[in-house]
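Structure first, commentary second.
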Amino acid sequence: MSLPLHRLTVPQPLPVPFAIDTFDALGPMSHAPFPHRHTFYEVVLVRGGVGAHVVDLAAYPLEPPQLAVVLPGRAHHWQDLADLDGWLILFGEEFLAGCPRVRELLHLLAHQPCRRLAPDVAEEAFALVGRMRREYGEPAADSLGVVQAYLRVLLTKAARATGTPAAPVATGQRADLAARFLDLLMGPGGGRHSVRECAAALGVSQGYLGEAVRDVTGRSPGELIRHARTVEAMRLLAGTRLGIAQIARELGFADQAYFCRFFRRETGSSAGEFRRAASWTWGTPENTTNTRSRPSNGGYAPL
């Protein structure tokens, strides 16, 4: 079975899917101990507890107060938890309509998905979360705009305090096209698409897509597709019990041998070697996890 995909199904006091609450209130799935991914964004503020948050093969020990950002499509789970306390903010892409800077901040912070906050920054962050929760619980005129503004302040303060460099702001049609291309790759199976298929899905020519993506990212669409395919292979090898032949089919390879050659070329190790090193992420059949030695992800940062 492939990685479970969780969707945001919550009551909607706001015009778009959104939720904010504590781990306790949202229940066991808010800190699921088995690898899974979401169709939505997740911003987490941990106030207390021990254990680890595993995001795309990297295990981050809980060091409260701590902020985490998990993008849609990323694989993650929680490990060896005790006394977990904190808040989660969950929302889909619709929530970010008209908020390009919030989206940029989310992607900037997600390059280091978990980071410790200084006490004064944490105090301000939890105060902002409290205001967001009250606005969400008692919606009034333009509550959506108020909640979006609070989230922008929260992410800006976190980025500023943790030394996250501001990315050059790309604007215009090419920047928008490159962002939509990266969104396409981030979804499950995104790495299966060819450049031609991506261009057709985005309604542009292959040449124009290549120019736009290179201008904004410095990399070609083909490079980014291979990168996405490699990261997805790592997720499936580490987080599922699918056979290597099944993974090859899921990623769109003609046969297992071709997939194995691709994986070795891109990572320097065989699929079997990587799986054995990464088997700590599987968990037991009861969906609990263990603490064997953690593998490196080979330098393959998610998109």
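The values are calculated or read from the model by the stated rules, or taken from the named source; none is laboratory data. Keep in mind it's a predicted model, so treat the numbers as computed, not measured. A quick note on method: Cβ atoms are made from the backbone with ideal geometry, for glycine too, and the neighbour counts reach across all protein chains shown. Side chains are part of the model used for accessible areas, which takes the heavy atoms of the whole protein and leaves out ligands, DNA and RNA. Shrake-Rupley method; radii C 1.70, N 1.55, O 1.52, S 1.80 Å.
Find, to one decimal place in angstroms, the Kirkwood hydrodynamic radius of region 188-241, where the mean of 1/r is taken over every pair of different Cα atoms and then inverted.
Evaluated over region 188-241, this radius sits at 11.8 Å.
Bins of 5 Å, beginning at zero and ending with the bin holding the largest distance: percent of Cα pairs per bin for region 93-214, please.
Taking every Cα pair in region 93-214, the percentages come to 2, 9, 16, 16, 16, 14, 11, 8, 5, 2, 0.
How large is the Kirkwood hydrodynamic radius of region 1-115, counting all unique pairs of alpha carbons, in Å?
14.4
How much length, in nm to one decimal, is gained on full extension between residue 9 and residue 141, taken as 0.36 nm per residue of separation minus their Cα-Cα distance?
In short, 45.2 nm is gained.
Roll a 1.4 angstrom probe over the protein heavy atoms and tell me the percent of accessible area of the chain that is carbon or sulfur.
53
For region 96-160, what are the per-bin percents of Cα-Cα distances with bins 5 Å wide, up to the bin holding the maximum?
Cα pair-distance distribution for region 96-160, in percent: 4, 17, 26, 23, 20, 9, 3, 0.
How much length is gained if the chain between residue 201 and residue 219 is pulled fully straight, taking 0.36 nm per residue apart and subtracting their Cα-Cα distance, in nm to one decimal?
Between residue 201 and residue 219, full extension yields an extra 4.5 nm.
Taking square-rooted eigenvalues a ≥ b ≥ c of the alpha carbon gyration tensor, is the chain rounded, prolate or oblate, where a/c under 1.5 means rounded and, failing that, a/b exceeding b/c means prolate?
Oblate shape, in that a/c is at least 1.5 and b/c is the bigger or equal ratio.
Amide H neighbours of residue 75 under 5 Å, at least 5 residues apart or on other chains, H built in the peptide plane: list them.
For residue 75, whose amide H was placed from the backbone, the distant partners under 5 Å are 56.
Taking a probe of 1.4 angstrom, what is the accessible area of residue 22 in Å², to the nearest 10?
30
Based solely on its DSSP helices, what 222 nm [θ] is calculated for the chain when runs of n ≥ 4 H residues each add -39,500 (n - 2.57) and the sum is averaged over all residues, nearest 500 deg cm²/dmol?
-13500 deg cm²/dmol
Suppose all protein chains stay in the model; what accessible area per residue would a 1.4 Å probe give for region 112-161, in Å²?
51
Go through 146, 225, 57 and say which Cα lies farthest out towards the positive end of the charge dipole of the chain; charges sit on Cβ, +1 for Lys and Arg, -1 for Asp and Glu.
225
Between residue 63 and residue 153, what is the label-point separation in nm under the 7 Å Cα-to-beta-carbon projection?
If labels sit at residue 153 and residue 63, their model points lie 2.8 nm apart.
Evaluate the distance, in nm, between pseudo-label points positioned 7 Å from the Cα of residue 24 and of residue 255 along their respective Cα→Cβ axes.
Modelled inter-label distance: 5.8 nm.
Expressed in nm to one decimal, what extension gain is obtained for the pair residue 16 and residue 208 from 0.36 nm per residue of sequence separation less their Cα-Cα distance?
Gain in length upon complete extension: 65.8 nm.
Would you kindly give the portion of the calculated P(r) for region 1-68 that falls above 20 Å, as a percent of all Cα pairs?
33
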